[in-house]
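Since the structure comes first, as C-alpha cells, the remarks are kept for the end.
Just so it is clear, none of the values below were taken in a lab; they were calculated from the coordinates. Remember, predicted model here, so these are calculated numbers, not experimental data. Ideal geometry is used to build each Cβ from the backbone, glycine not excepted, and the neighbour counts take in all protein chains shown.
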Amino acid sequence: MAILEMRHVSKYFGKVAANVDVNLSVDEGEVHALLGENGAGKSTLMNILYGLYGPTSGHVYLNGEKLNVRTPKDAINKGIGMVHQHFMLIPALTVIENMVLGMESNHAVLDLKKSAAEFAAMAENYDMPIDPWAKVSSLSVGQQQRAEILKALYRKANLLILDEPTAVLTPQEATVLFTAIRRLTQEKFTIILISHKMDEIMEVCDRCTVLRQGKVVATIPVSEITDTGQLAELMVGRQIKLTMDKKPSKPGKSILSLQNISYKDKDMVPKLKHVSFQIQAGEIVGICGIDGNGQSELVRCITGLLHPDEGKVLFKEEDITRVHTSEILRKGISHIPEDRHGMGMLMNMSVNENLILMSFRNPPYSRRNILNWKWIRSHNKKLVETYNVKTPDIDERAGNLSGGNQQKFVVGRELDRKPDLLVAMHPGRGLDIGATKFIQQRLLDERDRGAAVLLVSTELDEIMELSDRIVVMNSGNVAGILNQAEATREQLGLMMAGGK
Amino acid sequence: MNEIKKNNILIKMLKASYYPILALFIALILMAFVIEFMGYDSLNAYKALFTSSITSLHGWGETLAMAIALVFSALSFSIAERSGLINLGATGQLYMGGIAGILVATNFEGLPSVIHIPLVLIAGTLAGGVYGSIASLLKNQFGASEVVTTMMLNYIAMHFCTYLISGPMKNPTSDLAQSKSALSTAVLPILLKGTRLHAGLFVAIAAIVFYYVLMYHTTFGYQARVVGMSPTAGEYAGLKIKRNQLLAMAIAGGMAGLGGAIQATVIDVRLAIDWVGNLGFDGLATAYLGGHSPIGIGVSSLFFGLLLSSANKMQMLAKVPSSVVYLFQGIIIILIVGRRIFQLGLFQKWKMYYVNKKSAATDLREMTLEREELNKSDSLGATMKKGDNKLWKIF
Amino acid sequence: MEDFLISVFKMAVPLLLCSLGTLFSEKAGTINIGLEGSMLTGALFGALGSYWTGSPYVGAVIAMCSSMILTLLFAFFAVTICASQIVMGVAINTIATGLTISLNRIFLTSNGVVRVNGFKNIAIPFFSEIPVIGKVLFNQTLPAYLAYILVFVTWFVYSKTDLGLKIRAAGEHPTACDTVGINVIRLRYGTLLYSGIMAGLAGAYISTGQLSAFSEGMISGRGFTAYAAVIFGNFTPFGVFRSCMIFAVGMGLQYRLQAMDTPISYYFWMMLPYLITIVALCIYRNRSNAPKYSGIPYAKN
C-alpha cells in the first residue's frame, strides 16, 4: 500500500526549476531510493515533504490523506522524520538534550533522567545503542548519524528520509547503517534514501526512483536491475556531445607533484589519505568524485589555504607545502575556486575592481603601492572583451552580473596571469551550456599553451571530455588513475562509488 | 562621450544619496513628534535650529568649525569599518591626540608657527594611531573583541586625561583641573573673525582627500576593502588579514588623534575635564549618514555640524534641551542600518507573489540551465557555511 | 574589611542583574551592546518614578518598562530587520543618552539636583546577626537579594528547563532548531526583552539604590562591563556570577584605594575596572560555551 504519494509536484526558486512535475509513490515498509546527480532536485523534493519549502504546485498525500505541511513541526507531527546530510544536531548539547529539544510533550522543567532511560531503551530495542549523556561533539560521524535517526524515531516518525546518509561515513560505518535500516524495515518503518551511489541502492533498497534535472526519469524495483551501468545511464543520461576542439596532448615536464598528502580536519576526521599524483605541463588532469570526498581539501592544500599534516607539495620541483598563499599565487598558480560568491569574487565591488584581486600588487597594476587605474581600466576592458563577459560596463557591480558572466570574469582574471598551473574547481557549476562550453574551451587553450591544468568536477561529462588523465577520488583516497582513452563512464561511476 | 560619463556619475551620486536624504527627512519628522511629546513647539525649535545657522555668516562659521571636528572622528570610524572592524574608540583616540597635541603646543616656546603647528598635528596623529592600534593588537593576539576593548579604552583615556590635568599637566595658576593654554604659535589661525572657524578646515579637506586616495588608489585601501567585505575572499587572494587590519586601526586612530589635537589646541585651547564629550560617537553617526564615502562624509559632517553647533541656540530660544540632537543621531543610525525596514511587509509579499507567478509561466528549459540557486538551496548547510564567514563572529 | 565586602556586594548587584539577564539573549545568539543605554534609561526612569511616586519600587517597575520598550526597538531591528547588531547597539546607546539627558533636564534638574527616595535595606532577622556575613549578605536592599537569588534561578532555568534548553540551542544552530519546530525569532525577541527588563532594573538600582539621584554619566561603561562579564564567564550562570564578582572587587578596590593614600594617583584606580575588563577578555581562553551563531541574524527562507 502506498503510504506516501507526491502528485505533480513542482518547485521553482525564482526562475530556477528544482522539481518539475514529480510523481512519486512510496509503499509502507519499503526502502525507496531517490537516485540522481548533484542538483537533480532530490533534496529539494524531500525538503518539500518535510515542510521546509512549500511546493510551487502539486500536492502530497500521506496515508491517502492530503498533507498540508508548512513547517517541519507539522511534518514531525505527521510522523515524518528527516536525517539531513548536514546533521541537525547541536554539537554543544548532550545526546538526550538533542532528543528532547523542541518536543511539544516536554514539561516546563525537564526530567532528563527519565527521558534518557526511555530513550536508551528505545535505542536498545532497535539495536542502535548510544550513550544519552555523551556530548554530540564528542561522537563520531557515524554515531551522530545514529543519533539523528533515533531523534526522528523518538519523535514517533514512521516515515524516515535519509539524505545521502553514507556520504559522510566510512565503509564500516555504512555497513552498520545498512543493518540498522534493515532492522527498521522489519518494524514496518518506511525509509526514503537519497543517494547517488549505486552499490548502496543495490544493497538495501527495494525500489528506486531516478531523478534527472528535477524530473522523474524512472521508478524501478531494484530486484529487476541486473546491471548497475543501466542505472548509471538513467542517472546521468546520454547527453548530446558538442564537439570540442581537442588536439592530442603533448605532456612536458612535471609541474605539480603531490607526494603522500594526508590531512585531518579540526575534528580529527581524515579528509585526505596518502594522496599522490603528478601533473605535467600541457595536460589536463581531471579529478572526479562525489562532492566531499576530499577534493576541496586537496585543492586547498595545493593553494596554501590548508597545510597538510603529512606529505609534500612540489611545484616545479620546489617545496611549497608550507608556503603562504600569496607566495604560491606569485609563483604561477591560478585558482578558480569552488565557492565563487564567497571566495572568488566580491559581490559589492565593481567588475573592474574584482579583476585585479590577484595581481594588484604587481607592476604595472600598481607601483609603490599606488594603483594605476588608467592602465588597469584599459587592460580590464580588453580582458572583459576577450572573455566575452556581458556587462554594461566594467564599473558595474559584480553581483549584478549573471552567474555565467561572473564565472567568465573569474576565469579571465585567473588565466590572464598566464599560470603554469591552473587549478579549476567546478568551473561549470551553475552555468548554462554556452558559458560552460566557453570556459571549457579556455581550459583546453591553456593546456595547449603549455600550462598544467587540474580540473576538479563532479560532472562526469566534463571530466571525460576535457581530461587527458583522470584521478578518481573516494573518501580521501585516490581510487585510481586512468587515461582518458581507456576510461568509461560506468567504470568511473563504480570507482567513485567505492566499487572495484 | 565625456558628457555621457559625467551624467553617469551624477546619476550614481543621486542614487547613492537619495536614501540618506530620505532618512534625514524621516528623522526630522520623527524628531518633531518627540519634541512635541516633550511639550515643546517643534516648529519653533526647528526655526531656531536652522535660521540663524543658515542665514548668518557667524552661523556658517560655527557650523564649519563643528564640521571640521566631525570629519576626523567620522573618518576614524569609516577607515576601520572598511577593513571590517568596528572602532568605537574614537573618543579615546581623540583624548590621546589632544593630550599629545597640547603637550607639544604648550612647550617649545619661540618655535615658528610653520614648524610648531605641524609638530602639534603630527604628535596628535601618532598618539591617536598608537592608541588605536592597541585594540587591533589585542584582537590579533588574544582574540578580544574590539567592540568592548575600544569602549574600555575610551574610559581609560578619559581618566588618564583627568589625571594629567589635575596632576603633571595642571596649570599651576588655575584652581580648576585644566592644562596650560596652548602657545599662540602652535594654534591654527582663525579664518573668520568672531567665529571659531579655523584653518583646520584645510586639514579636514586634506583628510577627506587622503581617505579617498587611501581607499581607492592605494593597494592598502584595496586590500582593506576586500578584507572588510569578505575575509574568505581575502584569504583566497593571499592577503594578510591581521596585518591589514592592524594598519587600518592605526590609521583610523591617527585620524581621530589628529582631530583631537586640532580640537584641543584650536577650539578648547587647553585640556579640561571631559573635553571630548560625545564627539567620538557624533562621528559614528556622521560616517553612517555619509555612507562611508568621502563626499558623503563631507556633506554629512556639514549637516551634523550645523545641528550640533546650533543645538544650544535651540535650547536658548525654544527651550528644547540640546541633547535631543543625540536622539536625532540615534534615529538616523537606525534608519541607515535598518534600511531593510522598507522592504518588509505588504510590499515584499506582493513582490514574492508576483515573482512566483511570473516564473511559473516562464519557459522551463531556460530555467533548468541555471542551477546555481538550486545548489545553494539544496542543502540546509549552505546557510550554515555562510554564517561561519561572517565577521561578526568576533569571539 | 567588612566595609570593603559590603561595597563589593553592592557593586556586584547591577552587574549581576544586567549580565544574568543578557546571558539568555547572548545564548540565543544576539549581541546587545545597547545594554549601556538600557541601563541608563532604567537609571533615569527609576529616579523619575521614585521622584513622582515617592516609592523606589514603583520607580523600578517604570524603569523596567522603559528599558524594555527601548530593547524592543533594538530587537525589532536586530532580529526582524537583520541590521548589524553592534551598530544598532550603538544607536540605542546614543538614543538613550539623548533621551535621558533631555528628560533629566526637563523633570529633575530644572530646580536643582533632586534626591529621590532610595531602596531601604531590609535586614533578615536572625541571619543578619551573624558577624561579618550577616552585615555583608543579609542586610541588603530588595533588588540586591533578587540579584543573588537570581543567580540560582538563572542556573535552574538555564540548565534544567525546556525553555533553557531551547535558548541554549538557538544560538548554537538556529537552522537545527527550526527543523524541530522551535521559533527562533520569538525566542530571540523574548530573551532580548527579558535582558532589557533586567538592565532597566540594574539601572534603577544604580540611581535609586546606590546614589539616590540620577546623573548623566552614571552608568560609565557598566553596560559594557556586564556584557564582558558574560563572555568572561564563558556563558554560564555561575561563570557570569564569578566574573561579576571579580569586576565588583575591581570596582570596590577602586573606591577603597581612592580613599587610601597610595603613591599612585587615584585616577589610575579609576581606570582599574576598565583595565580588568580588557584583561579579562584577553585571558578568556575557554570559549567552549560561546554560542556559534553569536551576532548573526537568522533569516528563515
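Roughly how far apart, in whole Å, are the Cα centres of segment B:211-272 and segment B:64-92?
Between the Cα centre of segment B:211-272 and that of segment B:64-92, the gap is 10 Å.
Report the FRET efficiency, 1/(1 + (r/R0)^6), for C:ILE124 and C:SER288, where r is their Cβ-Cβ distance and R0 is 35 Å, rounded to 0.05.
Given R0 = 35 Å and the Cβ-Cβ separation, E is 0.40.
For Cα pairs less than 8 Å apart in space and 6+ apart in sequence, what is the mean separation divided by the residue count of chain A, i.e. the relative contact order in percent?
14
How far is the Cα center of segment A:107-154 from the Cα center of segment C:1-79, in Å?
One Cα centre to the other: 40 Å.
Apply the a/c threshold of 1.5 to the C-alpha gyration tensor of segment C:2-218 and tell me whether it is rounded, prolate or oblate.
In terms of gyration-tensor shape, oblate.
Return B:ILE334, A:ILE439 ranked ascending by Cβ neighbour count within 10 Å, so the fewest neighbours appear first.
By the 10 Å Cβ count, ascending: A:ILE439, B:ILE334.
Could you pull out every one of the aspartates and glutamates with an alpha carbon less than 15 Å from that of A:LYS247, ignoring same-chain neighbours closer than 8 positions?
Within reach: A:GLU283, A:ASP445, A:GLU446, A:ASP448, A:GLU465, A:ASP468.
Short version: ³J(HN,Hα) in whole Hz for each residue of segment B:84-96, in order, from phi by Karplus 6.51 cos²θ - 1.76 cosθ + 1.60 (θ = phi - 60°), x for Gly and Pro, what are they?
With the stated coefficients, segment B:84-96 comes to x, 10, 9, 9, 8, x, 4, 4, x, 5, 4, 4, 5 Hz.
Pairs of lysines 8 or more apart, or on different chains, with alpha carbons under 27 Å: count those in chain C, would you?
So the count of such lysine pairs works out to 12.
For q = 0.04, 0.05, 0.09 Å⁻¹, what log10 I(q)/I(0) does the protein assembly as shown give under the Debye formula with an equal point scatterer on each alpha carbon and no solvent?
Computed log10 I(q)/I(0) values: -0.25, -0.40, -1.21.
Filter the trypsin sites (Lys or Arg not before Pro) in segment A:118-170 down to the DSSP loop ones having no more than 13 other Cβ atoms within 10 Å, then list what survives.
Sparse-neighbourhood loop trypsin sites (Lys or Arg not before Pro): A:LYS156.
Leaving out same-chain residues fewer than 8 places away, which aspartates and glutamates sit with a Cα under 16 Å from that of A:LYS15?
Leaving aside aspartates and glutamates fewer than 8 places away in the same chain, those within reach of A:LYS15 are A:ASP432, B:ASP363, B:GLU366, B:GLU370, B:GLU372, B:GLU373, B:ASP378.
Could you tell me which of the pairs A:LYS151/A:LYS266; A:LYS197/A:LYS316; A:LYS250/A:LYS418 are separated by over 30 angstrom between their Cα atoms in the structure shown?
A:LYS197/A:LYS316
Report the relative contact order of segment A:254-496, percent, no decimals, based on alpha-carbon pairs under 8 angstrom and at least 6 residues apart.
28
Could you give the angle, 0 to 90 degrees to the nearest 10, between helix C:35-53's Cα long axis and the longest principal axis of the Cα atoms of chain C?
Long axis of C:35-53 versus the principal axis of chain C: about 50 degrees.
Using only atoms on other chains, find how many Cβ atoms lie within 10 Å of each Cβ of peptide A:98-109 and report the average.
Partner-chain Cβ atoms within 10 Å, mean over residues of A:98-109: 5.
What is the average number of partner chain Cβ atoms found within 10 Å of a Cβ in B:233-246?
5
Go through segment C:114-127 residue by residue and turn each phi into a ³J(HN,Hα) via Karplus (6.51, -1.76, 1.60, θ = phi - 60°); whole Hz please, and just put x for glycine and proline.
Each residue of segment C:114-127 in turn: 9, 9, 10, 5, x, 5, 8, 5, 10, 7, 7, x, 6, 4 Hz.
Round to a whole angstrom and tell me the spacing of the C-alpha centers of segment C:235-281 and segment B:157-210.
32
Search the structure for amide H atoms under 5 Å from the amide H of A:ALA18, placed 1.01 Å from N in the peptide plane, and list their residues when 5 or more places away or on another chain.
Excluding prolines and chain starts, which carry no amide H, the hits are A:LYS11, A:TYR12, A:PHE13.
Assuming R0 = 22 Å, can you tell me the calculated FRET efficiency for the pair B:ILE295 and A:ASP395, based on Cβ-Cβ distance, to the nearest 0.05?
Rounded to the nearest 0.05, the efficiency is 0.85.
For peptide A:82-92, how many partner chain Cβ atoms fall within 10 Å of a residue's Cβ, on average?
Across A:82-92, the average partner-chain Cβ count within 10 Å equals 6.
Could you sort the peptides A:370-376, A:100-106 by per-residue average Cβ neighbour count (10 Å cutoff), highest mean leading?
The peptides rank, most packed first, as A:100-106, A:370-376.
Starting from the amide H of C:THR161, placed 1.01 Å from N in the peptide plane, find each other amide H under 5 Å away whose residue is 5 or more places distant or on another chain.
Amide H neighbours of C:THR161, under 5 Å, 5+ apart: A:LEU110.
Which far-off residues, 5 or more places away or on another chain, put their amide H under 5 Å from the one on C:GLY181, with H placed in the peptide plane?
Long-range HN contacts for C:GLY181: A:LYS73.
Can you work out the Karplus-derived ³J(HN,Hα) for every residue in segment B:304-315? Use 6.51 cos²θ - 1.76 cosθ + 1.60 with θ = phi - 60°, whole Hz, and x for glycine or proline.
Working through the residues one at a time gives 5, x, 4, 4, 6, 6, 9, 4, 5, 4, 4, 5 Hz.
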